[in-house]
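First comes the structure, then the notes that go with it.
The values are calculated or read from the model by the stated rules, or taken from the named source; none is laboratory data. Just so we're clear, the structure is a prediction, and the values are computed from it rather than from any experiment. Using ideal geometry, Cβ is built from the backbone for each residue, glycine included, and neighbour counts are taken over all protein chains shown.
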Amino acid sequence: MADTVVTLGFLPLIDCAVPVVAHELGFAAAEGLTLDLQREASWAAVRDKLAFGLLDAAHILAPLPLAIHLGLGGMPAVAMTVPMALGLGGNAITVSTALYARLLDADPEAMAGPRGGSARALKRVIAADRAAGRPPLSFATVFPFSSHTYELRLWLASAGIDPDRDVNLGVVAPARMVESLASGWIDGYCVGEPWNLRAVQRGVGAIVATKGDIWPASPEKVLGLRAEWANRQPDLTAALVRALVRAAQWADAAENRDALADLLADPGYVGTSPDILRMALGGRPVLRPGAAPEALESHVFFRWQATFPWVSRAAWLLAQMTRWDQAAVPAVERLAVAAQVWRPDLYRAAVAPLGLAVPAEDLAVAGAAAAPHAVAAAGGGSVEVGPDAFLTGEVFDPRR
Amino acid sequence: MGESDLSILVIDGDPDRAAVVERGLVEAGYVRVSIIGPSVNMLARVQALAPDVIIIDLENPDRDTLEQMFQVSRAVQRPIAMFVDRSDSHMIHAAIEAGVSAYVVDGLKEARIKPIVETAISRFHAFDRLRRERDDAQAKLADRKLVERAKGLLMKNRGLAEEDAYALLRKTAMKQNRKLSDIAQSVITAFEMEF
């Protein structure tokens with residue numbers, strides 16, 4: 001298996017860090033493989049190239065391999081395998097400075113409270129617009145099948161806003177979000193960094209909620225493979241997972257964050273200014289134009305089992321697809337479908353030589369923990385996982 | 001509605017390629033072909049044009065926006081779907097490899113769409129070939145300039161006559177089994193480092 005080339009597609013976002021680090025810092029080479037990293041411009045292109053074999057692997061939106069596997073969105077079904085996740089966090093909801101001023105005006109109390117409560121102010125703005133006969137506000141996410149879509153919908157629904165009737169919901173590619181907001185085509189969006197902080201820096205947007213405010217455990221990007229590719233080359237798949245897990249460990253360390261920002265600033269990767277990337281990765285972002293930086297750790301690459309592919313998280317995604325009319329996966333089939341695609345068994349086997357503690361279970365009930373907590377580790381002992389409380393206070397039990 | 005009456009929209013970030021595809025479709029007898037370039041309000045323009053078939057380059061970031069039309073059929077009168085001939089994955093593969101993606105109005109018969117997608121694929125290939133030829137020509141020109149520069153440096157700094165300078169470059173290239181332009185580049189680099 002010496003020097004096997006794996007073609008891996010990615011989009012220019014901070015969480016492409018894991019494959020980039022694996023390539024640049026030699027973690028891939030240490031596993032005897034060469035990553036041929038291909039920067040893509042849209043999720044549709046990543047999906048098509050991965051499904052039809054022009055890519056071996058991809059840094060991909062967590063719901064998208066499930067959608068490909070089920071043949072949703074106009075594509076024939078192609079069996080997929082997700083052997084690991086590529087981290088948590090990084091998403092946020094940004095609104096135009098004009099809408100932000102209206103939110104402050106409409107409900108100063110909600111805007112002064114915990115950040116996720118900003119949707120209550122939006123509810124009032126929408127009611128005022130409707131009473132005045134103004135057209136509905138427009139919001140964008142990055143793709144129909146994205147955690148961004150479900151996070152934005154969850155935030156809207158938390159205040160009793162119907163995402164399908166009370167606002168226009170559209171899709172804009174990540175790198176075009178800021179420009180679309182600045183030109184007034186949309187009033188707000190949910191996207192990964194650096195595209196929220198960039199809007200703040202340009203003075204055109206303000207961040208009103210982060211993924212951590214909505215559901216900190218929400219799955220973000222994953223490693224997507226065709227099942228046929230993974231099944232044919234189990235050793236290569238395991239080597240790829242190990243290289244990426246070690247890269248995630250490196251990227252997670254606070255002392256490596258500045259070096260990571262400089263690496264990602266390369267035009268071949270994310271290509272925004274290192275200042276913005278350092279701010280995002282350093283955990284002290286500025287959330288509104290002119291505001292002071294505040295402590296906000298939003299990029300978790302390895303801690304809290306951020307690379308572990310929980311089957312329950314995939315089941316949650318399938319539940320969201322069904323809730324929002326994208327798919328009809330009956331509740332009784334969700335776990336089976338989720339377990340066909342998300343493969344914690346492959347993850348555990350791949351990282352065994354690294355001596356890492358991994359969760360014993362494939363499923364976790366979410367919604368009860370507001371703080372990091374311990375769960376049982378495979379082979380005894382425990383591992384720490386992150387907070388998992390929903391903005392809405394709901395509980396997601398994958399077995400129900 | 002005859003075949004040629006189908007309304008086709010070509011969306012491409014590269015206006016030259018869009019023109020090549022448009023010409024191909026017009027030559028094939030389709031009379032209602034429009035082009036739009038990159039734009040922020042693509043969705044509104046697509047809805048206004050209401051095409052039967054959309055040909056868009058696979059790499060176009062606007063595709064993610066277009067795909068939303070699968071999801072929000074409530075908002076569009078003419079739902080579209082990606083062109084997928086389930087019996088012919090070879091065709092999808094050829095399209096993706098050529099960098100073509102196509103979306104069609106729901107319910108349109110595959111037999112009517114296939115020739116359009118085939119034309120687009122062949123035009124994308126033709127365009128790639130033209131661009132490769134142009135790039136090759138430019139590379140050759142650049143190579144020639146390198147050789148000229150290296151020759152000039154050898155003449156000026158080593159007092160060689162022009163034909164001797166050229167002969168030296170050629171001989172070195174042959175001996176090292178490298179391209180003449182590579183040797184010229186090495187010579188230029190060496191002189192740049194010296195001075």
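Of all residues in region A:137-159, those being within 11 Å of the chain's Cα centre (by Cα), hydroxyl-bearing (Ser, Thr, Tyr) and within 12 Å of chain B (Cβ to nearest Cβ) number 2. Among all positions in region A:317-324, there is at least one residue which is under 20 Å from the mean Cα position of the chain (by Cα), of a type in the set (A, V, I, L, M) and farther than 30 Å from A:Ser96 by Cβ. Scanning region B:94-129 for residues that are touching a residue at least 40 places away in the same chain (Cβ under 8 Å) and not small (Gly, Ala, Ser) yields a count of 14. The residues of region A:115-148 that are surrounded by 20 or more Cβ atoms within 10 Å (Cβ to Cβ) and part of a loop (DSSP other than H, G, I, E, B), listed by number, are A:Leu137, A:Val142, A:Phe143, A:Pro144, A:Phe145, A:Ser146. B:Ile36 falls short on exactly one of the conditions (1) within 25 Å of A:Val191 (Cα to Cα); (2) more than 9 Å from chain A (Cβ to nearest Cβ); (3) in contact with a Lys or Arg (Cβ under 8 Å, 6 or more places away or on another chain); (4) at pLDDT below 90, and that condition is (1).
Annotation note: Cβ proximity below 6 Å between a residue of region A:136-162 that is over 21 Å from A:Ala182 (Cβ atoms) and modelled with pLDDT of 95 or more and a residue that is part of a helix (DSSP H, G or I) and among the polar types (S, T, N, Q) (sequence gap 6+ or interchain) occurs for A:Tyr150/A:Gln320. Exactly one residue out of A:Leu33, A:Leu13, A:Leu25 is under 22 Å from A:Val178 (Cα atoms), touching a residue at least 60 places away in the same chain (Cβ under 8 Å) and not β-branched (Val, Ile, Thr): that is A:Leu13.
Per-residue answers, yes or no, for (1) under 21 Å from A:Trp185 (Cα atoms); (2) modelled with pLDDT of 90 or more:
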{"position": "B:Glu22", "(1), (2)": "no, yes"}
{"position": "B:Gln47", "(1), (2)": "yes, no"}
{"position": "B:Glu67", "(1), (2)": "yes, no"}
{"position": "B:Ala111", "(1), (2)": "no, no"}
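Quick one: which residue in A:Asp162, A:Asp166 is closer than 17 Å to A:Met321 by Cα, among the acidic types (Asp, Glu), within 14 Å of another protein chain (Cβ to nearest Cβ) and not in a helix (DSSP H, G or I)? The match here is A:Asp162. Does B:Ser89 meet the test of being out of contact with any helix residue (DSSP H, G or I) (no Cβ under 9 Å at 6 or more places or on another chain), under 30 Å from B:Asp14 (Cα atoms) and of a type in the set (Ser, Thr, Tyr)? Yes; evaluated as a whole, the condition is true for this residue. A:His59 falls short on exactly one of the conditions (1) under 17 Å from A:Gly192 (Cα atoms); (2) within 14 Å of chain B (Cβ to nearest Cβ); (3) in contact with a Leu (Cβ under 7 Å, 6 or more places away or on another chain); (4) not aliphatic (A, V, I, L, M), and that condition is (2).
Which residue, of B:Ala111, B:Ala120, is under 13 Å from the mean Cα position of the chain (by Cα), more than 10 Å from chain A (Cβ to nearest Cβ) and of a type in the set (A, V, I, L, M)?
Values: B:Ala111 fails: under 13 Å from the mean Cα position of the chain (by Cα).
Criteria check complete, one pass: B:Ala120.
Of the numbered criteria (1) surrounded by 16 or more Cβ atoms within 10 Å (Cβ to Cβ); (2) polar (S, T, N, Q); (3) at pLDDT below 90; (4) farther than 21 Å from B:Ile8 by Cα, the one B:Gln185 fails is (3). Among the residues of region A:169-194, the ones that are assigned to a loop (DSSP other than H, G, I, E, B) and either under 22 Å from the mean Cα position of the chain (by Cα) or of a type in the set (S, T, N, Q) (or both) come to 7 in all. The numbered conditions (1) within 30 Å of A:Ala77 (Cα to Cα); (2) under 22 Å from the mean Cα position of the chain (by Cα); (3) assigned to a helix (DSSP H, G or I) are all true for B:Arg131 except (1).
Within region B:140-156, not a single residue is outside any helix (DSSP H, G or I), surrounded by 12 or more Cβ atoms within 10 Å (Cβ to Cβ) and on the phi < 0 side of the Ramachandran plot. Need pairs with beta-carbon distance below 6 Å; first residue closer than 16 Å to A:Gly192 by Cβ and within region A:212-235, second of a type in the set (Phe, Trp, Tyr); sequence gap 6+ or separate chains. The qualifying pairs are A:Ile214/A:Trp155; A:Trp215/A:Phe390. Exactly one residue out of B:Ala95, B:Ala111, B:Ala102, B:Ala120 is loosely packed, with under 15 Cβ neighbours inside 10 Å and within 18 Å of B:Tyr30 (Cβ to Cβ): that is B:Ala111.
Residues of region B:73-105 that are modelled with pLDDT of 80 or more and part of a strand (DSSP E or B): B:Val100, B:Ser101, B:Ala102, B:Tyr103, B:Val104. Looking only at region A:38-51, filter to residues that are touching a residue at least 40 places away in the same chain (Cβ under 8 Å) and in contact with a helix residue (DSSP H, G or I) (Cβ under 6 Å, 6 or more places away or on another chain); which one of those is nearest to B:His90 (Cα to Cα)? Across region A:38-51, the extreme among qualifying residues is A:Ala51.
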